[in-house]
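The values are calculated or read from the model by the stated rules, or taken from the named source; none is laboratory data. Since we're looking at a predicted model, the values are computed, not measured. Neighbour counts are summed over all protein chains in view; Cβ atoms, including those assigned to glycine, are modelled from backbone coordinates with ideal geometry. Accessible surface is based on the protein model in full, side chains and every heavy atom, while ligands, DNA and RNA are left aside. Shrake-Rupley method; radii C 1.70, N 1.55, O 1.52, S 1.80 Å.
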Amino acid sequence: MDYEELYASLIQTEKTLNDNIKLGVRLGKTIGKDTESGDLKDLQKTLDQYAEVIEKQKAALEELRQKAGGFDAGAYFESGDFTNQMLECCRERGIDVHGEYPVFEMFPYRIRIDAGNQDLYMDRKKVACMRPSSFADMIQTGQAKLNKAFFNPASFAEELAAAYDLAALKFNRKKDGDILLGTIYKMLVPMARSRREYDQQSYAFDIARLYNRKNEVAAIKDGRHFQFGPSHNNGKALRILDAEGKEQYLATVRFYQ
């Protein structure tokens, strides 16, 4: 089952519908002129033509209903066809995909497929899209927009350092020791309702941008440098993409003189 086949069929009928709509508009203008000028002979002829156009519009509309209604969306999702075609479209666009059905990460987005309801979720937002290529375009456009958004690495490094210091104080850690990035996130965003607005995926994306532009921040204002560290347990690490699009797992950070 392939949505592209349905799409090709739908656009043919859509063209017929739209062509008749345009013709109807032109005939409507002629009707107006005929009634204004009193050309009843041409008016009758135009009205007959308009009636034919309406019948063609109704036929095209019904054909669209039949085609759209005849597509088994449930089977399309539950068979895995949608997922496989979506992943192929992502590969064609060079989109990094991590994870397994029904949850994937297309950094920094978290994608969930609800086959039972034929729904897609991009982070927490439901996305109305059954066309794999359109969804892949949506991801690509969103990633490009995020990457072009303004980001001040020095400012974020200062915020990260402040959260790092709070964590070191709260958990009695060495001032220059490694602290889990997950722990620092909780210091950075202490309130649960705030985490809905700035979730861990958004945090990971900012960490990635700082990691990729760390050469722009020689040190924070108090003179300290910072260093990210890996972990033997990737379950405690943030998965990011570096400047070359390769995955990296960052687990800790430390600020030191």
Item to complete: Taking only Cα atoms and a 10 Å spring cutoff, compute GNM fluctuations for the chain and point out the largest among Glu78, Glu159, Glu244.
Response: Glu244
Discussion item. In whole Hz and in residue order, list the ³J(HN,Hα) couplings for segment 63-77 that follow from phi through the Karplus curve 6.51 cos²θ - 1.76 cosθ + 1.60, θ = phi - 60°; x for Gly and Pro.
Written reply: 5, 4, 4, 5, 5, 5, x, x, 7, 7, 5, x, 5, 4, 7
Practice prompt. Using a Gaussian network model of the chain whose springs link C-alpha atoms within less than 10 Å, name the residue from Thr141, Thr13, Thr35 with the highest mean-square fluctuation.
Written response: Thr35
Worksheet item: Using a 1.4 Å probe, what is the accessible area per residue for the chain, in Å²?
Response: 60
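Please report the net charge: other residues with Cβ closer than 13 Å to the Cβ of Phe171, K and R +1, D and E -1.
Net charge around Phe171: +3.
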Worksheet item: Relative to the longest principal axis of the chain, what angle (0 to 90°, nearest 10) does the C-alpha long axis of helix 200-212 take?
Response: 70
Worksheet item: When the chain is treated as a GNM, springs tying every alpha-carbon pair under 10 Å, which of Ser194, Ser231, Ser202 comes out with the largest mean-square fluctuation?
Response: Ser194
Worksheet, complete the sentence: Rounded to the nearest Å, the spacing of the alpha-carbon centers of segment 207-233 and segment 1-61 is 63
Item to complete: Report in % the part of the accessible area of the chain that belongs to carbon and sulfur, leaving out ligands and nucleic acids; probe 1.4 Å.
Response: 50
Worksheet item: What 222 nm value per residue comes from the helices of the chain, counting each DSSP H run with n ≥ 4 as -39,500 (n - 2.57) and dividing by all residues, nearest 500 deg cm²/dmol?
Response: -19000 deg cm²/dmol
Worksheet item: How high is the relative contact order of segment 116-257, in percent, counting Cα pairs under 8 Å that sit 6 or more residues apart?
Response: 24
Discussion item. Across segment 36-93, what fraction of all alpha-carbon pairs, as a whole percent, falls in each successive 10 Å bin from zero upward?
Written reply: 18, 21, 19, 16, 12, 11, 2
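Quote to one decimal, in nm, the extra length available between Asp42 and Asp178 on full extension: 0.36 nm per residue of separation minus the C-alpha distance between them.
Length gained, Asp42 through Asp178: 40.3 nm.
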Worksheet item: Within a Cβ distance under 15 Å of Gly116, other residues only, what is the Lys/Arg minus Asp/Glu net charge?
Response: -2
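Can you give the longest run of the chain that contains no trypsin sites (Lys or Arg not before Pro) sitting in a DSSP loop with at most 11 other Cβ atoms inside 10 Å?
Counting at most 11 other Cβ atoms within 10 Å as exposed, the longest clean stretch of the chain is 1-123.
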Worksheet entry | Alpha-carbon spread of segment 106-257, three principal axes, descending order, Å | 53, 29, 29
Practice prompt. Quickly work out the Glu247-to-Asn117 label distance, labels modelled 7 Å from Cα along the C-beta direction, and quote it in nm with one decimal.
Written response: 2.8
Worksheet item: When only alpha-carbon atoms count, how far does the chain stretch along each of its three principal axes, as whole angstroms with the largest first?
Response: 95, 45, 34
Item to complete: Return the long-range amide H neighbours of Asp123 (sequence gap of 5 or more, or a different chain), with a cut-off of under 5 Å between placed amide H atoms.
Response: Arg110, Ile111, Arg112
Worksheet item: About the Cα centre of the chain, what is the dipole size in debye to 20, counting +1 per Lys and Arg Cβ and -1 per Asp and Glu Cβ, all else neutral?
Response: 1380
Discussion item. Checking the table Lys126/Lys236; Lys67/Lys125; Lys22/Lys148; Lys175/Lys236 against a 32 Å threshold on Cα-Cα, which pairs fail?
Written reply: Lys22/Lys148
Worksheet item: Starting at 0 and stepping by 5 Å, how many percent of the alpha carbon pairs of segment 56-189 end up in each bin?
Response: 2, 8, 14, 14, 11, 11, 11, 10, 7, 4, 3, 2, 2, 1, 1, 0
Discussion item. Whole-Hz ³J(HN,Hα) for each residue in segment 174-180, computed from phi via Karplus 6.51 cos²θ - 1.76 cosθ + 1.60 with θ = phi - 60°, x for glycine and proline: what do you get?
Written reply: 4, 5, 10, x, 6, 10, 4
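Report the FRET efficiency, 1/(1 + (r/R0)^6), for Asn233 and Glu100, where r is their Cβ-Cβ distance and R0 is 22 Å, rounded to 0.05.
Step by step, r from the Cβ atoms, then E = 0.70.
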